[in-house]
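The values are calculated or read from the model by the stated rules, or taken from the named source; none is laboratory data. Computed from a predicted model, the values in this text were never measured in an experiment. Counting neighbours? That spans all protein chains shown, and the Cβs are built from the backbone with ideal geometry, glycine included. Accessible surface is based on the protein model in full, side chains and every heavy atom, while ligands, DNA and RNA are left aside. Shrake-Rupley method; radii C 1.70, N 1.55, O 1.52, S 1.80 Å.
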Amino acid sequence: MNAAARRFCWYYNVKGRVRYQTAWEWQKSLRSERMVESGRDLPDVLILLEHQPVYTLGRASSEEHLKFDLQNPPWDVHRIERGGEVTYHGPGQVVGYPIVNLRNHKKDLRWYIRSLEQVIINTLAKYDVDGTRKESYIFGSLI
């Protein structure tokens with residue numbers, strides 16, 4: 001399927017708080033289904049949910065950024081495959097997990113991240129909230 005073809009997207013708006021490990025396993029499963037040739041045409045997915053309190057530590061994270069003892073954390077802590085530092089997710093924070101097969105769009109991670117940023121900026125504008133992109137970041141928006 002080429003980039004101009006219209007694609008479907010499955011949307012899950014999960015009610016209640018979800019443990020991080022549960023959401024992470026679900027994402028990995030959805031990704032795996034799309035990585036095999038027979039899953040190539042499966043729709044993309046957007047999961048919106050709220051987590052139980054959790055810290056995630058990306059590959060580049062440093063424990064010195066934590067404000068607690070890692071041996072006795074106040075909440076769950078997960079080391080994960082993504083880049084970046086320490087991230088807190090918790091009650092009241094809606095987290096979006098897009099699962100997109102770039103083979104069906106444009107195989108360009110920079111294009112994808114910039115497109116995702118623009119969708120967020122445009123959505124914020126609908127609610128009269130200014131969102132901007134800080135170009136000095138490799139991948140990332142300041143909102």
Return a yes/no flag: does the stretch 127-139 have any residue that is in a strand (DSSP E or B) and surrounded by 11 or more Cβ atoms within 10 Å (Cβ to Cβ).
yes
Could you tell me which residue of the stretch 33-60 is least open to solvent (accessible area, probe 1.4 Å), considering only residues that are over 16 Å from the mean Cα position of the chain (by Cα) and small (Gly, Ala, Ser)?
Gly39
Which condition does Thr22 not pass, out of (1) within 24 Å of Val119 (Cβ to Cβ); (2) under 15 Å from the mean Cα position of the chain (by Cα), if it passes all the others?
(1)
On the given criteria, is Tyr97 closer than 21 Å to Leu48 by Cβ, in contact (Cβ under 8 Å) with a residue 12 or more places away in the chain, touching a helix residue (DSSP H, G or I) at 6+ places or on another chain (Cβ under 8 Å) and in a helix (DSSP H, G or I)?
no
Could you tell me whether any residue of the stretch 61-71 is part of a loop (DSSP other than H, G, I, E, B), out of contact with any Phe, Trp or Tyr (no Cβ under 8 Å at 6 or more places or on another chain) and under 23 Å from Tyr11 (Cβ atoms)?
no
Residue satisfying all of: in the stretch 1-32; assigned to a helix (DSSP H, G or I) and open to solvent by 50 Å² or more (accessible area, probe 1.4 Å); farthest from Pro91 (Cα to Cα) among these
Ser32
